[in-house]
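Accompanying notes for the structure given below.
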Amino acid sequence: MVFSSGLLLFWSLRLPLGHVISEKFLLHANNVFTFVATLRLVQDPIRSIPDVIGVVIQAKVAFARIVKFLDAPELQSRNVQQRHNTGSVNHSVLIKSADFSWEENSSRPTLRNVSLKMVPGEKVAVCGEVGSGKSTLLAAILGEVSHTKGTIQVHGRIAYVSQTAWIQTGTIQENILFGSEMDRQRYQDTLERCSLVKDLELLPYGDLTEIGERGVNLSGGQKQRIQLARALYQNADIYLLDDPFSAVDAQTATSLFNEYITGALSGKTVLLVTHQVDFLPAFDSVMKSYKQLLIISCCPRAKNFRTLSMHTKKQLVLKGFQKLMLCKEKDHLPGRSRRVM
Ligand SMILES: Nc1ncnc2c1ncn2[C@@H]1O[C@H](COP(=O)(O)OP(=O)(O)OP(=O)(O)O)[C@@H](O)[C@H]1O
Ligand SMILES: [Mg+2]
């Protein structure tokens with residue numbers, strides 16, 4: 001079989017090669033097998049040439065991106081004063097009349113004239129229409145957005161939960177610990193607070209299951225809760241949570257809110273971006289983002305407010321927003337904070 005295919009190859013090669021190769025190098029019985037063997041040796045490397053070209057092009061693009069990243073100018077975050085010492089200050093986050101812009105030297109900042117003061121342990125909710133700058137506010141506190149005006153002071157360690165769940169390749173446990181040492185008690189408590197226990201029971205190796213690119217695929221809600229668990233386990237002072245309930249059902253969202261926000265984070269400073277108005281009455285203040293502005297619309301936990309029923313609180317919070325939206329067109333000055341309630 002091998003012999004006949006070699007013979008076939010020989011005859012198929014002989015004619016065209018006869019034209020190319022001079023009389024001196026014509027294929028004969030004594031050199032054809034060497035020639036075929038050599039041909040076989042080189043055919044695999046020749047076949048892989050297109051793949052190699054593809055890899056080289058990819059490497060060139062990746063290299064250009066790395067160079068662009070390394071050459072990018074440093075963020076001008078000189079106005080963000082970040083201190084880990086929380087001892088002698090009476091605020092966790094203090095923003096004074098700041099303008100934030102994603103683009104350098106932009107005449108139209110993403111957020112204008114933001115003023116915000118959060119005392120340690122305070123819970124503030126931010127809501128508003130899509131693209132109005134809620135995530136930008138969190139990014140600004142992290143120092144990721146350049147600001148042209150005003151100052152930001154942050155006192156304490158920050159834990160951030162992004163709007164798009166971010167998971168690294170590794171086990172669930174590694175994703176939650178994120179380099180911290182294992183404390184069994186704290187770890188178990190974190191899993192319970194994030195409603196992850198049932199999910200882990202369904203996975204083949206529990207919290208040692210590999211996730212990420214090379215592991216099993218998790219649902220959006222599971223990824224989001226792993227992010228929340230990672231943040232909680234870090235035991236930070238300030239929690240910036242960007243719409244963490246967007247991918248979970250209403251029941252899990254309520255459980256997370258009770259166990260995580262009002263339970264585990266009871267003593268922490270929390271800035272939560274959310275679209276779920278049901279949770280707003282539980283916050284110290286609620287901010288509404290609207291066309292580049294952030295407006296403190298109401299203080300649900302003000303003195304008289306606490307004694308009201310949950311339903312009435314919700315109605316009042318929503319009313320506050322409506323009132324705000326009605327008056328904004330008429331007499332709202334740009335950047336001026338308006339307290340409705
Ligand atoms: N990384 C970025 N680079 C440049 N521009 C950005 C970036 N992120 C957001 N923006 C711009 O900033 C503006 C506000 O976006 P942002 O993500 O803060 O809105 P949002 O209120 O969080 O919206 P959503 O409710 O959809 O999450 C948008 O116009 C958006 O295009
Ligand atoms: Mg957002």
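The values are calculated or read from the model by the stated rules, or taken from the named source; none is laboratory data. Model, not experiment: these values are computed from the prediction. Quick reminder, even Gly has a Cβ in these numbers, built from the backbone with ideal geometry, and neighbours come from all protein chains shown. For the accessible areas, the whole protein counts, side chains as well, though only heavy atoms, and no ligand, DNA or RNA atoms are used. Shrake-Rupley method; radii C 1.70, N 1.55, O 1.52, S 1.80 Å.
Accessible surface area normalised per residue over segment 207-281 is 37 Å², counting heavy atoms of protein chains with a 1.4 Å rolling probe.
Across the cross-link table entries Lys68/Lys288; Lys123/Lys223; Lys134/Lys198; Lys149/Lys223; Lys68/Lys117, which are compared at the Cα atoms, the separations over 28 Å belong to Lys68/Lys288; Lys134/Lys198; Lys149/Lys223; Lys68/Lys117. Using the alpha-carbon centroid of each, what span in Å lies between segment 252-290 and segment 168-188? Using only Cα atoms to place each centre, the spacing works out to 24 Å. Count Lys and Arg as plus one, Asp and Glu as minus one, and take only other residues whose Cβ is under 9 Å from that of Thr171; the net charge is then -3. Of the GluC sites (Glu not before Pro) found in segment 200-235, those that fall in a DSSP loop while having at most 12 other beta-carbon atoms within 10 Å are Glu213. Of the trypsin sites (Lys or Arg not before Pro) found in segment 156-250, the ones in coil according to DSSP and having at most 16 other Cβ atoms within 10 Å of their Cβ are Arg157, Arg214. Average accessible surface for segment 108-182: 41 Å² per residue, computed with a 1.4 Å probe over protein heavy atoms with every protein chain in place.
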